[in-house]
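Enquirer: Provided herewith is a single structure, encoded as structure tokens, for subsequent inquiry.
Please treat every number below as a calculation from the coordinates, not as lab data. Being a predicted model, the structure only gives us computed values, none of them experimental. Glycine also receives a Cβ, built like all others from the backbone with ideal geometry; neighbour counts cover every protein chain displayed.
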Amino acid sequence: MLWSSVGTACALGLMAVVGQTTTSYPPAEALPVISGLPDPFLRSDGTRIQSKREWSASEKPF
């Protein structure tokens, strides 16, 4: 955990030194579909999670 924090701090410091403060990412629609990964919003009964509240309820431990 400590090394992760140190690495993040170093990366942030490096970005400040070189003048990079933001990173731009492509829109979600432009990202490739990876068919081998499961859909995290699809329940085992085939229905989809539609809201943040439903997602929170699905995170309960088994």
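Enquirer: Each residue of segment 37-53 in turn: what ³J(HN,Hα) in whole Hz from Karplus with 6.51, -1.76, 1.60 and θ = phi - 60°, glycine and Pro shown as x?
Expert: Each residue's phi maps through the Karplus curve to give 9, x, 7, x, 9, 9, 6, 5, 8, x, 7, 9, 6, 10, 9, 4, 5 Hz.
Enquirer: Right, here's the next one. So, by mean Cβ neighbours within 10 angstrom, what's the order for 23-36, 43-56 with the highest one leading?
Expert: For the peptides 23-36, 43-56, the packing ranking is 43-56, 23-36.
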